[in-house]
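*Asks:* Once you've had a glance at the structure underneath, I'll fire off some questions.
The values are calculated or read from the model by the stated rules, or taken from the named source; none is laboratory data. The structure presented is a predicted model; accordingly, all values stated were derived computationally and were not measured. No Cβ is skipped: glycine too gets one built from the backbone with ideal geometry, and neighbour counts run over all protein chains shown.
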Amino acid sequence: MTGAKPRRRWLLGLAALVAVLLVAAGAAVVTRLASRPSPGGSPGPVAAPTSPSVSPTPTPASPTPPPGADLTGPLNLLLVGVDTRVTVPGWEPHGDAVLVLHVPAGLNRAYLFSLPRDLVVDIPAYPKSGYPGGRTKLTHAMSYGSRVPGDKGHPSAAQGYELLRTTVSKYTGLRIDAGAVITFGGFDKLVDTLGGVDLYVDQRVTSIHRRPDGRLRNLSGSTYTGPQMVYEKGNQHLTGWQALDYARQRYTAGGDYTRQRHQQQLIRALARKILDQGLARNPDQVEQVADALGDTLVYVGGGRRLIDFAYALGGLSADAFVLVGLPGDAVSSGGSYRGEQLLPVGRQFLAALRDGTTDRFLEAHPTLRVKT
């Protein structure tokens, strides 16, 4: 076999994986967290940043299997969009968006769903940060886990992810095989590298963060002032800053559930953009995407290389991504808002994932599918 075909498949896998990592209105600052623990397990120490290397597919006479050959599924990837306000003293990272990508055995399709950031969950004790455990909003798991005793000004995103991953695993009953923490900043560069992204805006959205020219709006205390960028309903071509800004808006009809839907739609649009552009046949363009990511992919435990997941996901296409919206409602205590909870159908969907009956469940509950 020549080198062209294996490189083509690896590039396609890389493109698919990049599309997966560009989640939750995220950015080019990506922390790659790969591991295969049992639910609640702890990842290993952080390794130095590394760049993936291409391993050629072995010839039939070679005893060496292709990269990731043993990754046959099911796989569960935890994708976290983190709000990090580095200019605010003492600010801790929050899990601003929490998504799970479930890839069933065979790796020929994938289900992407969000968990509400305000989902009320049991967060276990975490001795590394001194957190005693408690029942509160899911978004706080990232914050509580990130605390480094004696070093208040330098929170650890890797620790925050570890506690968040354990919390999500316990809540969903799914083993988390890999994940990514993605911060705001640089995402626009990635989208611009791809020439923007085409997206159907399903409702009129007014930005609280940006002016029509892309500049940040003035912030006076906790109130934004000045002209606002507006995303009109219909087919739109979004630049990098527009895509990031659009996917961040939650003060819309439907609130955070609408934002979850928009984030999923953006991921699907990015996957389609990457795959439809034929990046596998254009190594230079893939290199541009890789350059935009830089050396910010950092492995944590598990011993898995990026190429293992890239190759394993090489057969996925944009049409293989099924977006699922899990409905929920508010939880109150003493008349005060406490957070969110999934409706029974959402919890039943999680059970279907665990049982391997997802397709049958979605056929019976078609309204859970998010339109793109």
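*Asks:* Consider region 320-346. How many of its residues are free of Cβ contacts under 8 Å to residues at least 40 places away in the same chain and either under 20 Å from the mean Cα position of the chain (by Cα) or over 25 Å from Val121 (Cα atoms) (or both)? Please lay out each step first, then the result.
*Replies:* First, the residues of region 320-346 that are free of Cβ contacts under 8 Å to residues at least 40 places away in the same chain: 329-330, 332-337, 343-346.
If we keep only those that are either under 20 Å from the mean Cα position of the chain (by Cα) or over 25 Å from Val121 (Cα atoms) (or both) as well, we get 346.
Residues meeting the conditions: 1.
*Asks:* Taking region 154-168 on its own, how many of its residues are in contact with a Gly (Cβ under 7 Å, 6 or more places away or on another chain) and hydroxyl-bearing (Ser, Thr, Tyr)? Steps first, please.
*Replies:* Restricting attention to region 154-168, the residues satisfying the condition of being in contact with a Gly (Cβ under 7 Å, 6 or more places away or on another chain) are 159-166.
From what is left, the residues that are hydroxyl-bearing (Ser, Thr, Tyr) are 161, 166.
Residues in region 154-168 being in contact with a Gly (Cβ under 7 Å, 6 or more places away or on another chain) and hydroxyl-bearing (Ser, Thr, Tyr): 2 in total.
*Asks:* Taking the condition surrounded by 16 or more Cβ atoms within 10 Å (Cβ to Cβ), of a type outside the set (Val, Ile, Thr), touching a strand residue (DSSP E or B) at 6+ places or on another chain (Cβ under 9 Å) and modelled with pLDDT under 70, does Ala318 pass? Steps first, answer last, please.
*Replies:* Details: surrounded by 16 or more Cβ atoms within 10 Å (Cβ to Cβ): yes; of a type outside the set (Val, Ile, Thr): yes; touching a strand residue (DSSP E or B) at 6+ places or on another chain (Cβ under 9 Å): no; modelled with pLDDT under 70: yes.
No.
*Asks:* Given (1) modelled with pLDDT under 85; (2) out of contact with any Leu (no Cβ under 6 Å at 6 or more places or on another chain); (3) under 27 Å from Lys371 (Cβ atoms), where does Tyr246 come up short, assuming only one miss?
*Replies:* (1)
*Asks:* Quick check on my filter: what residues within region 352-372 are in contact (Cβ under 8 Å) with a residue 12 or more places away in the chain and part of a helix (DSSP H, G or I)?
*Replies:* Our first condition is that a residue be in contact (Cβ under 8 Å) with a residue 12 or more places away in the chain; within region 352-372, this holds for 353-354, 356, 358, 361-362, 365, 368-372.
Listed by number, the residues that qualify are Leu353, Arg354, Thr358, Phe361, Leu362, Leu368.
*Asks:* Taking His209 as the residue in question, decide whether it is without any contact (Cβ under 8 Å) to a residue 60 or more places away in the chain, on the phi < 0 side of the Ramachandran plot, loosely packed, with under 13 Cβ neighbours inside 10 Å and under 24 Å from the mean Cα position of the chain (by Cα).
*Replies:* Working: without any contact (Cβ under 8 Å) to a residue 60 or more places away in the chain: yes; on the phi < 0 side of the Ramachandran plot: yes; loosely packed, with under 13 Cβ neighbours inside 10 Å: no; under 24 Å from the mean Cα position of the chain (by Cα): yes.
So His209 fails the test.
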